[in-house]
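Enquirer: I'd like to ask some things about the structure below.
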């Protein structure tokens with residue numbers, strides 16, 4: 001029985017279009033440790049992978065130069081040099097019939113008191129073989145934003161209060177603008193993305209000790225007509 005189920009899983013799973021090694025980049029030197037990784041699902045989209053790897057190699061070259069300059073400056077000033085570290089990890093957010101959404105975490109330590117974490121996002125239109133923005137999923141993004149932003153701000157404030165032990169105050173009381181945060185459709189391993197996730201890094205909605213706020217919410221029904229028809233089933237399903 002187990003072997004039969006395993007065979008079915010192999011049939012259902014999409015084959016990687018590229019070697020698994022193409023999903024990893026590692027570069028090390030005395031000045032920097034640099035690592036990049038992409039989710040396995042990216043291997044089924046060669047054009048997307050090529051673009052992500054090209055971006056990564058450009059970023060790696062830039063980070064190597066910065067680390068080299070810092071190392072040279074530290075040596076000249078007689079200070080100890082603290083080796084840089086950069087990690088970029090593209091993880092799966094949603095894999096639907098027409099969309100592949102990725103959440104990108106970027107950790108960087110460049111010699112300060114501690115490293116810091118930031119986020120980015122990538123949404124790939126499989127049929128069009130092109131990247132689309134989160135805003136590009138909608139026929140009327142300003143209207144959709146007005147529906148989504150209050151939900152995000154409410155959920156964020158609740159999570160801030162839970163972590164901080166009181167309602168947010170001071171610099172953290174003002175909700176960060178939704179349009180300025182990376183956002184992805186969220187479905188994990190499902191074939192639909194019935195939620196959206198807002199990726200809020202440290203310092204944006206709280207002190208460094210709060211860490212990141214990853215706010216995941218279901219799509220409100222009112223936003224469905226504002227999603228472009230090409231993507232509507234991917235987020236809401238057929239006639240459900």
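Residues are listed down the side, and each one gets a yes or a no for (1) modelled with pLDDT of 95 or more; (2) crowded, with 16+ Cβ neighbours inside 10 Å; (3) farther than 14 Å from residue 186 by Cβ:
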{"position": "96", "(1), (2), (3)": "yes, yes, no"}
{"position": "103", "(1), (2), (3)": "yes, yes, no"}
{"position": "113", "(1), (2), (3)": "no, no, yes"}
{"position": "130", "(1), (2), (3)": "yes, no, yes"}
{"position": "143", "(1), (2), (3)": "yes, no, yes"}
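Enquirer: Report, ordered by the first and then the second residue, all pairs with beta carbons closer than 8 Å, sequence separation of six or more or different chains, a first member in region 169-192 that is in the same structural domain as residue 204 (by TED's automatic domain parsing), and a second member that is surrounded by fewer than 11 Cβ atoms within 10 Å (Cβ to Cβ) and modelled with pLDDT under 95.
Expert: none
Enquirer: Something else now. Assigned to a helix (DSSP H, G or I) and touching a residue at least 60 places away in the same chain (Cβ under 8 Å), is that true of residue 47?
Expert: When the stated conditions are applied, residue 47 passes them.
Enquirer: For region 120-131, what are the residues that are in contact (Cβ under 8 Å) with a residue 12 or more places away in the chain and farther than 14 Å from residue 196 by Cβ?
Expert: Residues of region 120-131 that are in contact (Cβ under 8 Å) with a residue 12 or more places away in the chain, as a first pass: 120-127, 129, 131.
Those that are in contact (Cβ under 8 Å) with a residue 12 or more places away in the chain and farther than 14 Å from residue 196 by Cβ: 120, 122, 124, 125, 126, 127, 129, 131.
Enquirer: To continue, here is another question. Taking residue 138 as the residue in question, decide whether it is touching a residue at least 60 places away in the same chain (Cβ under 8 Å) and under 16 Å from residue 214 (Cβ atoms).
Expert: Working: touching a residue at least 60 places away in the same chain (Cβ under 8 Å): yes; under 16 Å from residue 214 (Cβ atoms): no.
Against the criterion (touching a residue at least 60 places away in the same chain (Cβ under 8 Å) and under 16 Å from residue 214 (Cβ atoms)), residue 138 does not qualify.
Enquirer: Go through (1) under 19 Å from the mean Cα position of the chain (by Cα); (2) farther than 30 Å from residue 72 by Cβ and name the single condition residue 141 misses.
Expert: Condition not satisfied by residue 141: (1).
Enquirer: Taking residue 52, is it assigned to a helix (DSSP H, G or I) and in contact with a helix residue (DSSP H, G or I) (Cβ under 9 Å, 6 or more places away or on another chain)?
Expert: Against the criterion (assigned to a helix (DSSP H, G or I) and in contact with a helix residue (DSSP H, G or I) (Cβ under 9 Å, 6 or more places away or on another chain)), residue 52 qualifies.
Enquirer: Suppose we keep only residues that are crowded, with 19+ Cβ neighbours inside 10 Å and touching a helix residue (DSSP H, G or I) at 6+ places or on another chain (Cβ under 8 Å) within region 146-167. Which one would you say is farthest from residue 237 (Cα to Cα)? Give the derivation first.
Expert: Keep residues of region 146-167 that are crowded, with 19+ Cβ neighbours inside 10 Å, which gives 148, 152, 156, 160.
Subsequent filtering for residues that are touching a helix residue (DSSP H, G or I) at 6+ places or on another chain (Cβ under 8 Å) retains 148, 152, 160.
Working: 148: 19, 152: 22, 160: 32 Å.
The residue in question is 160.
The values are calculated or read from the model by the stated rules, or taken from the named source; none is laboratory data. Just so you know, these numbers come straight off a predicted model, no measurement behind them. When we count neighbours, we look across all protein chains shown, and the Cβ atoms used for this are built from the backbone with ideal geometry, even at glycine.
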